[in-house]
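*Asks:* This structure is in structure tokens; I'll ask about it shortly.
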Amino acid sequence: MLDLKGYEWSLVEGAWITLQVALLSLVLAMILGMLGALAKLSPYRWARAIATLYTTVIRGIPDLVLMMLIFFGGQMLLNDSLYSINEWLNNYFSSSDPSHEWTEYLPDYVEISPFLAGILTIGFIFGAYMAETFRGAILAVDKGELEAGKAYGMSAFLSFRRILLPQMIRHALPGFGNNWLVLLKTTALVSIIGLDDMVRKGALAAGTTQMPFTFYMAVAVIFLLFTSFSTSALKWVERKFSIHAR
């Protein structure tokens, strides 16, 4: 059994943060994925173009590069924009009132928390993968059933809820499960931007105790537990949604 030298609770806290980041990122990825899939299947060319650009660019850049780009580059861009807006507002009011003095109408500096940045980045990345998964699942649904629903007088929303969505979920589950497992492991990258997740907690403990193998093995075991539980849960869900298909 691994001797964690009293760092057990620290790893548990890190594991809870990792799980929060993963679940919240998944919610964001599902929203972006559904929007992206619908946009790709949209009759509007501009919507298809935006969705295609999104999925192509995001899937073509390494996750680590995107993490650094969004956290550091995005934060710099946001603060430069705030400064420019403040300057514009002061120039505008100074031209109408010469006695007007420099005032900061907006905060001069905004620091994005690593927790929020991690969720936004991972959710944004996997939204592109979810978009392709959901698009394929929608295309796999028999169009004849949707036409039958329309013939029965169903509205577009009712057809989506009663016909398209249940079957789409069944077709999307295998790809969704793979995306979730990869997303869960990708949360290890948030340690790079300073979030005290499980990987960072393990690294700090390893540095303090000079026992890197022990603590990185503990982190690996916890990730393995997360993925094993997820795999079992996904298989159960797939069986539930496959009952009617069988």
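The values are calculated or read from the model by the stated rules, or taken from the named source; none is laboratory data. Keep in mind the model is a prediction, meaning the values are calculated, not measured. A quick note on method: Cβ atoms are made from the backbone with ideal geometry, for glycine too, and the neighbour counts reach across all protein chains shown.
*Asks:* With the structure loaded, tell me whether LEU234 is surrounded by 13 or more Cβ atoms within 10 Å (Cβ to Cβ) and in contact with a helix residue (DSSP H, G or I) (Cβ under 6 Å, 6 or more places away or on another chain) or whether it fails that test.
*Replies:* Yes.
*Asks:* If I filter the range 147-169 for residues that are exposed (fewer than 15 other Cβ atoms within 10 Å of the Cβ), aromatic (Phe, Trp, Tyr) and more than 30 Å from PRO114 (Cβ to Cβ), do I get at least one hit?
*Replies:* yes
*Asks:* Using beta carbons and a limit of 6 Å, which pairs, at least six apart or on different chains, have the first residue in the range 3-25 and part of a helix (DSSP H, G or I) and the second one of a type in the set (Asp, Glu)?
*Replies:* Within 6 Å, the pairs are GLY14/ASP197; ILE17/ASP197; THR18/ASP197.
*Asks:* Does ILE31 fit the bill of being part of a helix (DSSP H, G or I), closer than 30 Å to LEU139 by Cβ, among the hydrophobic types (A, V, I, L, M, F, W, C) and modelled with pLDDT of 85 or more?
*Replies:* Answer is yes for this residue.
*Asks:* Taking the criterion of being out of contact with any helix residue (DSSP H, G or I) (no Cβ under 8 Å at 6 or more places or on another chain) and farther than 30 Å from ARG59 by Cα, would at least one residue in the range 157-174 satisfy it?
*Replies:* Scanning the range 157-174 turns up at least one residue that is out of contact with any helix residue (DSSP H, G or I) (no Cβ under 8 Å at 6 or more places or on another chain) and farther than 30 Å from ARG59 by Cα.
*Asks:* Within the set of pairs 6+ apart or on separate chains, which have a first residue in the range 46-62 that is touching a residue at least 24 places away in the same chain (Cβ under 8 Å) and over 15 Å from PHE134 (Cβ atoms), a second that is surrounded by fewer than 16 Cβ atoms within 10 Å (Cβ to Cβ) and of a type outside the set (Lys, Arg), and C-beta atoms under 6 Å apart?
*Replies:* If the second residue must be surrounded by fewer than 16 Cβ atoms within 10 Å (Cβ to Cβ) and of a type outside the set (Lys, Arg), no pairs are left.
*Asks:* Can you pull out the residues in the range 188-220 that are β-branched (Val, Ile, Thr) and over 26 Å from the mean Cα position of the chain (by Cα)?
*Replies:* Listed by number, the residues that qualify are THR208, THR209, THR214.
*Asks:* Let me ask you something else. Please count how many residues of the range 1-46 are buried (at least 17 other Cβ atoms within 10 Å of the Cβ) and under 14 Å from GLY118 (Cβ atoms).
*Replies:* So the answer is 10.
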